[in-house]
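Undergrad: Sharing a structure, written as structure tokens. Questions coming.
The values are calculated or read from the model by the stated rules, or taken from the named source; none is laboratory data. Bear in mind that the values here come from a model prediction, so they are computed numbers and not experimental data. Glycine also receives a Cβ, built like all others from the backbone with ideal geometry; neighbour counts cover every protein chain displayed.
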Amino acid sequence: MKTQSYLSIIALFFALILSSCSTSTERRIIDPDEEVKGQVRAVLTDAPEVPPRITNKSNTKVIVELEVIEKQMRLADGVDYTFWTFGGKVPGKFIRVRQGDLVEFHLHNHPDNMLPHNIDLHAVTGPGGGAEASLIAPGKSAQFSFRALNQGLYVYHCATAPVGMHIANGMYGLILVEPLEGLPPVDHEFYVMQSEFYTAGGYGDRGHQDSICKSIDEIRLCSDEWRCWSFFRRKCMMVQVGETVRLFMGNGGPNLVSSFHAIGEIFDKVYVEGGTLINNDVQTTLIPAGGSAIVEFKCDVPGTLHLVDHSIFRAFNKGALAQIKVIGDENHNVYTGKEKEEVYLPEGSAIQKIKQDKPENTEPIAELSLEERMEAGERLYKSNCMACHMDHGKGIAGTFPPLVNSDYLKARPDKGIGIILDGLKGEITVNGTTYNNIMPAVSLSDDQVASILTYIHNEFDNGGGLVKAADVKAYRDKQ
Ligand code: HEC
Ligand SMILES: [Cu+2]
């Protein structure tokens, strides 16, 4: 008996030691009666920008003015959508206050809007997170105040019925309640947020898409203009080798949990669920719908970091993808890049098929114009061919032949249809260089094959022309 109680005392003692050295920022309890001095207007920013660090050392009254705007914007290339926004962009404005601050919140519902809206901030201690106090019709403003009692990174969203629809249409953002002593300095802070859009049409369907919450579709990390396909065409998040980065990452949902991961980077620090607990050396952190995480890392080598939801079909097939470009000198002590490459062809290699969903619609497809085919073709090229044939069809010397001005392609009477439908294997010569490798057959609809080939023939200098879905069908029927 005696020894047993001894043991439990020792165990308790260890537990105490352990908990005192576990990493978490120190929690401070706010006394709401503490004095509030002075007043400031909150600086609000659009993703991926974050408002400046708070230097104020005492509790302040912070005035936040947020306007709800319903407007049509780009959802993806060639796809428009009527968004409901906090501040004109999706995700909504980033709000930064300090623990202990008194936040005087003003919500404005623009007179041109069609619907009532409100705001539920997860940083609020009070009914509905402010939802009831802020419910307003178009052309009205509402005001309420709350004390930022708890530090952390919080989601805010509209909570007007039907709530799911208001969130699905873009009504969410983040509010950071910074700890008293402030977060440790880093070189860059960025704001990213994931969410899903539920469109009437399928993923990739062009034109204006209505939301009818029918299918899980288009899931994105932040507003589309921040996806950086190419360095110059779009803005992207940029940092230098050696710099430290802090991401304020939120998940607006409305439904899906994010397995947040940066390809080619390890999170040195994760403020788990946006709270005070710090985890270290994390590959993927789980972010619930209506939750957040703060992640930090140092960029040691140059390259593009892809921020993804590691439920990976969402990233590469639905758009839950954002990029951080790291520029600077290579460091071969950290990463060498490819040191060597040679052909590996074991006995009996055969052409494999890359399977895709069977096109649902088997009815004859209306032929598209050259312009429409080019637009669809570019998108399809990027998702089906670019992994091997590279950006702008430049190929990889010795392995993947170029598609630019290819004498091999131009000489084919089938315009290349057979290459996509059947795959290609064995020695071929493209512009004087010999290739002996395997291209898998890619399973696509007639319409998709026609668009990709039209794009390749025109964009990559292969003599132009329009490939029709009917041509592809004729080739298939002959087989
Ligand atoms: C998994 C890698 C891979 C993918 C994906 C791929 N290809 Fe290929 N492709 C190859 C290889 C390898 C060859 C050369 C085959 C050989 O050596 O016989 C090739 C050859 C070709 C050629 C003939 C050579 C030339 O340069 O003109 C064309 C045209 C072509 N591919 C088009 C496409 C198109 C269009 C797509 C997308 C639908 C695509 N490929 C997807 C690997 C790929
Ligand atoms: Cu709303």
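Undergrad: Considering only residues that are assigned to a loop (DSSP other than H, G, I, E, B) and buried (at least 20 other Cβ atoms within 10 Å of the Cβ), which ones fall in region 136-168?
TA: To start, the set of residues in region 136-168 that are assigned to a loop (DSSP other than H, G, I, E, B) comprises 137-140, 148-151, 158-162.
Passing the criteria: Ala148, Gln151, Cys158, Ala159, Thr160.
Undergrad: Next question, about the same structure. In the set Pro413, Pro364, Pro401, which member is surrounded by fewer than 13 Cβ atoms within 10 Å (Cβ to Cβ) and modelled with pLDDT of 85 or more?
TA: Within the list Pro413, Pro364, Pro401, the selection yields Pro413.
Undergrad: Might you let me know whether region 379-393 holds any residue that is among the aliphatic types (A, V, I, L, M), surrounded by fewer than 16 Cβ atoms within 10 Å (Cβ to Cβ) and either within 16 Å of ligand 2 (Cβ to nearest atom) or over 15 Å from Val442 (Cα atoms) (or both)?
TA: Yes, region 379-393 contains at least one residue that is among the aliphatic types (A, V, I, L, M), surrounded by fewer than 16 Cβ atoms within 10 Å (Cβ to Cβ) and either within 16 Å of ligand 2 (Cβ to nearest atom) or over 15 Å from Val442 (Cα atoms) (or both).
Undergrad: Which ones in region 293-332 are surrounded by fewer than 19 Cβ atoms within 10 Å (Cβ to Cβ) and more than 19 Å from Ala387 (Cβ to Cβ)?
TA: Result: Lys298, Asp300, Pro302, Ser311, Lys325, Ile327, Gly328, Asp329, Glu330, Asn331, His332.
Undergrad: If I filter region 45-63 down to residues being aliphatic (A, V, I, L, M) and buried (at least 19 other Cβ atoms within 10 Å of the Cβ), which single residue comes out as farthest from Met238 (Cα to Cα)?
TA: Val62
Undergrad: Now a separate question. Working only within region 256-277, note down all residues that are under 30 Å from Pro162 (Cβ atoms), surrounded by 17 or more Cβ atoms within 10 Å (Cβ to Cβ) and not acidic (Asp, Glu). Can you show your working first?
TA: Kept after step one, since they are under 30 Å from Pro162 (Cβ atoms), are these residues of region 256-277: 256-260, 273-275.
Filter once more, so that each one left must be surrounded by 17 or more Cβ atoms within 10 Å (Cβ to Cβ): 256, 258-260, 273-275.
Matches in region 256-277: Leu256, Ser258, Ser259, Phe260, Gly274, Gly275.
Undergrad: A further question on this structure: I want to confirm something. Restricting to region 378-408 and keeping residues that are of a type in the set (A, V, I, L, M, F, W, C) and assigned to a loop (DSSP other than H, G, I, E, B), which single residue is nearest to Ser451 (Cα to Cα)?
TA: Per the criteria, the residue is Cys385.
Undergrad: Being within 19 Å of Phe190 (Cβ to Cβ) and free of Cβ contacts under 8 Å to residues at least 40 places away in the same chain is the requirement here; does Gly303 meet it?
TA: It is true that Gly303 is within 19 Å of Phe190 (Cβ to Cβ) and free of Cβ contacts under 8 Å to residues at least 40 places away in the same chain.
Undergrad: I want to confirm something. Restricting to region 416-432 and keeping residues that are in a helix (DSSP H, G or I) and touching a helix residue (DSSP H, G or I) at 6+ places or on another chain (Cβ under 6 Å), which single residue is surrounded by the fewest Cβ atoms within 10 Å (Cβ to Cβ)?
TA: Of everything passing the filter in region 416-432, Ile417 is surrounded by the fewest Cβ atoms within 10 Å (Cβ to Cβ).
Undergrad: While we're on this one: Quickly run through region 440-451 and pick out the residues that are hydrophobic (A, V, I, L, M, F, W, C), within 8 Å of ligand 1 (Cβ to nearest atom) and out of contact with any Pro (no Cβ under 9 Å at 6 or more places or on another chain). Walk me through how you get there before you give the answer.
TA: Step one: of region 440-451, the residues hydrophobic (A, V, I, L, M, F, W, C) are 441-442, 444, 449-450.
Those left that are additionally within 8 Å of ligand 1 (Cβ to nearest atom): 442, 444, 449.
Selection gives Val442, Val449.
Undergrad: Sticking with this one: For Gly129, all conditions in the list (1) buried (at least 19 other Cβ atoms within 10 Å of the Cβ); (2) more than 14 Å from ligand 2 (Cβ to nearest atom); (3) of a type in the set (Gly, Ala, Ser) hold save one; what is the number of the exception?
TA: Among (1) buried (at least 19 other Cβ atoms within 10 Å of the Cβ); (2) more than 14 Å from ligand 2 (Cβ to nearest atom); (3) of a type in the set (Gly, Ala, Ser), the lone unmet condition for Gly129 is (2).
Undergrad: Need the failing condition index for Asn113 against (1) within 28 Å of Lys37 (Cα to Cα); (2) within 14 Å of ligand 2 (Cβ to nearest atom); (3) out of contact with any helix residue (DSSP H, G or I) (no Cβ under 7 Å at 6 or more places or on another chain), just the number.
TA: (1)
Undergrad: If I go through region 159-175 residue by residue, how many of them are away from ligand 2 (no atom under 16 Å from the Cβ) and touching a helix residue (DSSP H, G or I) at 6+ places or on another chain (Cβ under 9 Å)?
TA: Number of matching residues: 1.
Undergrad: In addition: Does Tyr156 satisfy the criteria of being of a type in the set (Phe, Trp, Tyr) and within 16 Å of ligand 2 (Cβ to nearest atom)?
TA: yes
Undergrad: Going through Ala315, Ala322, Ala289 one at a time, which residue ends up being part of a loop (DSSP other than H, G, I, E, B) and within 16 Å of Asn251 (Cβ to Cβ)?
TA: Ala289
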